[in-house]
1. Please verify whether residue 141 is in a loop (DSSP other than H, G, I, E, B), crowded, with 21+ Cβ neighbours inside 10 Å and touching a helix residue (DSSP H, G or I) at 6+ places or on another chain (Cβ under 9 Å), treating the condition exactly as stated.
2. Residue 18 passes all but one of (1) in a loop (DSSP other than H, G, I, E, B); (2) at pLDDT 95 or above; (3) closer than 24 Å to residue 105 by Cα; which number fails?
3. Report yes if some residue within region 195-210 is touching a residue at least 60 places away in the same chain (Cβ under 8 Å), in contact with a strand residue (DSSP E or B) (Cβ under 6 Å, 6 or more places away or on another chain) and either assigned by TED's automatic domain parsing to the domain that holds residue 315 or not in a loop (DSSP other than H, G, I, E, B) (or both); otherwise report no.
4. Which of (1) surrounded by fewer than 19 Cβ atoms within 10 Å (Cβ to Cβ); (2) in the same structural domain as residue 254 (by TED's automatic domain parsing); (3) on the phi > 0 side of the Ramachandran plot does residue 340 not meet, given it meets every other one?
5. Could you identify the single residue in 135, 160 that is crowded, with 17+ Cβ neighbours inside 10 Å and in a loop (DSSP other than H, G, I, E, B)?
6. Out of region 295-342, which residues are touching a strand residue (DSSP E or B) at 6+ places or on another chain (Cβ under 6 Å), in a loop (DSSP other than H, G, I, E, B) and closer than 23 Å to residue 114 by Cα?
7. Inside region 297-314, can you point out the residues that are surrounded by fewer than 19 Cβ atoms within 10 Å (Cβ to Cβ) and closer than 20 Å to residue 100 by Cβ?
8. For region 84-96, enumerate the residues that are on the phi < 0 side of the Ramachandran plot, part of a strand (DSSP E or B) and under 21 Å from the mean Cα position of the chain (by Cα).
């Protein structure tokens, strides 16, 4: 049985749907269930608006766009998150409008993660990592948000998780690539993907396997600049990172997670294909019909019949070619709770 220490995953990750209200400002988005530390929002109905992501470490009023390489934007003219509360966040119009988060009557999706415990590491004092780092950490959920200023050369950075992360998303705050290092073929060494692009897996020998205390950054990534990193260490019954082989048929791969998913992020590592995000709020029933591409500003794709969310994981229902995929998933409900309550099918 897949027992877990996290019986209610929604206290650490939750998706919230809302409908735009013609740019009414300020506007409180509630229903998250906790005070979020990383908020990622996308307009579902229009391709005219980029993904926008904010976190409590940089300041929620500071925006990065996962589908572009642009530098961090502060108090953006098209709106920003001005505050967070115990059940959500507050949207505030910028000098022009609120179109980053609220346009006409368009549908929106917000994915929310909780970190919450302050973290600092003085590398010279602790001898952990090569450079100082600070941020917000949730060791129970295996999630940390880490800021650091990268020096020249290949460096290691403390992540605060106390466990080895299996996927790390990081970006310089200047105009530069989004980098994703993840466990591919049982190793994170040398491998990386671009969150903002459809490219297949690339290699860089500077990326070593992370440890329970540090991860590595290549010399090729924006030396002498500020960075932000989102680090994920899988937790049984709550989150999982892995790879699987798509079998080139519509009766495709079944992927074990140990829980009924609330969100699944997918990317082919062997071919040029877009990233894909599915969640249980946009699709409360099988088969999933709504797909968002993290590397594109496109409106949500509909009637896709891509996959089923199951009590133990997910199953692909579309032909995605004979490709190796990486995935990261978060739970709606563990397959079996610590009290022995089983997950039900959808």
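The values are calculated or read from the model by the stated rules, or taken from the named source; none is laboratory data. Please read all numbers here as calculations on a predicted model, not as lab measurements. Ideal geometry is used to build each Cβ from the backbone, glycine not excepted, and the neighbour counts take in all protein chains shown.
1. Values: in a loop (DSSP other than H, G, I, E, B): yes; crowded, with 21+ Cβ neighbours inside 10 Å: yes; touching a helix residue (DSSP H, G or I) at 6+ places or on another chain (Cβ under 9 Å): yes.
It is true that residue 141 is in a loop (DSSP other than H, G, I, E, B), crowded, with 21+ Cβ neighbours inside 10 Å and touching a helix residue (DSSP H, G or I) at 6+ places or on another chain (Cβ under 9 Å).
2. Unmet condition: (1).
3. Taking region 195-210 first, the residues touching a residue at least 60 places away in the same chain (Cβ under 8 Å) are 195-201.
Remaining after also requiring in contact with a strand residue (DSSP E or B) (Cβ under 6 Å, 6 or more places away or on another chain): 195, 201.
This time we only want the ones that are either assigned by TED's automatic domain parsing to the domain that holds residue 315 or not in a loop (DSSP other than H, G, I, E, B) (or both), so: none.
No, region 195-210 contains no residue that is touching a residue at least 60 places away in the same chain (Cβ under 8 Å), in contact with a strand residue (DSSP E or B) (Cβ under 6 Å, 6 or more places away or on another chain) and either assigned by TED's automatic domain parsing to the domain that holds residue 315 or not in a loop (DSSP other than H, G, I, E, B) (or both).
4. (2)
5. 160
6. Result: 335, single match.
7. Within region 297-314, 297, 298, 299 meet the criteria.
8. 84, 85, 89, 90, 91
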